[in-house]
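The values are calculated or read from the model by the stated rules, or taken from the named source; none is laboratory data. The shown structure was predicted, so the numbers you read here are calculated from the model rather than taken from an experiment. Ideal geometry is used to build each Cβ from the backbone, glycine not excepted, and the neighbour counts take in all protein chains shown. For accessibility, only protein heavy atoms count, side chains too; no ligands or nucleic acids. Shrake-Rupley method; radii C 1.70, N 1.55, O 1.52, S 1.80 Å.
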Amino acid sequence: MAVFTQEVSKDGKDATQKSGIDKLIPGAKIDDFLFEPCGYSMNGLLPEGQYITIHVTPEPNCSYVSFESNVPQESYTGLIQRVLSTFKPGKVLMTIFANKESTAKDSHKDLDEFFDETKYCRMDHQFCSFKNYNLTYTFFTSRPVI
Ligand SMILES: C[S@@+](CC[C@H](N)C(=O)[O-])C[C@H]1O[C@@H](n2cnc3c(N)ncnc32)[C@H](O)[C@@H]1O
């Protein structure tokens, strides 16, 4: 998380490149900002109008990253893996909203199958089917090292 401090990065663009955020969703036009003395926010827009927004609080006592996007994907596995390898979080809450007609309508299967392959334990997993969309919520933590 040190990359999101002014001790390590000189500005938002520098933090975006050093952290690898610029590679999460290639092609996004990014507006980024590095706070004094630490903290980072970015908004990215894609040509079709989809967005990505990330906020980073790097202080060790309340370390937190939020990642939000409406980029439609048939599979979110690659994007999830890139987000996890960028931030290496200890705990993650993930929510996917998908309209029943959208390309992401089967994305809940990614969360069903994904975590067996990684160092994360799935602690909670819920699927809700509403009138016009589905919601999948997953909470996972780093596997304890034995
Ligand atoms: C990136 S901002 C975003 C907060 C927002 N509530 C979120 O997470 O969506 C939070 C980080 O920026 C730092 N920061 C520094 N100056 C700030 C300011 N004027 N307003 C908000 N955050 C600031 C905080 O210490 C923290 O590390």
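Tell me what the chain gives for mean residue ellipticity at 222 nm when only DSSP H runs of n ≥ 4 count, each as -39,500 (n - 2.57), the sum divided by the residue total, rounded to 500 deg cm²/dmol. Walk me through the numbers before you get to the answer.
Numbers: 3 runs with 26 residues, N = 146.
Mean residue ellipticity at 222 nm (helix-derived): -5000 deg cm²/dmol.
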Using a probe radius of 1.4 Å on heavy atoms only, what accessible surface per residue do you get for the chain? Whole Å² is fine. 62 Å²
Using the crude model of +1 on Lys and Arg Cβ and -1 on Asp and Glu Cβ, and no other charge, please compute the dipole size for the chain relative to its Cα centre, in debye to 20. 200 debye
Just check region 1-85 against the gyration tensor rule for me: Cα atoms, a ≥ b ≥ c as the square roots of the eigenvalues, rounded for a/c under 1.5, and otherwise prolate or oblate depending on whether a/b exceeds b/c. prolate
Compute the orientation-averaged projected area for region 73-146 from the convex hull of its Cα atoms and round it to one decimal in nm². 4.8 nm²
To the nearest 10 degrees, how steeply does helix 77-87 sit against the main Cα axis of the chain, on a 0 to 90 scale? 30 degrees
Which residues qualify? For V71, with a placed amide H closer than 5 Å and at least 5 residues away or on another chain, they are Y51
Cα centre as origin, Lys/Arg/Asp/Glu Cβ charges: region 1-71 dipole, Debye: 180 debye
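In the chain, how many lysine pairs have Cα atoms under 13 Å apart, counting only pairs 8 or more places apart or on different chains?
Details: K10/K18; K13/K23; K13/K29; K88/K119; K91/K119; K100/K131.
Close lysine pairs found across the chain: 6.
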Work out how far the C-alpha atoms of the chain reach from end to end along every principal axis, then list the three figures in whole Å, largest first. 46, 46, 22
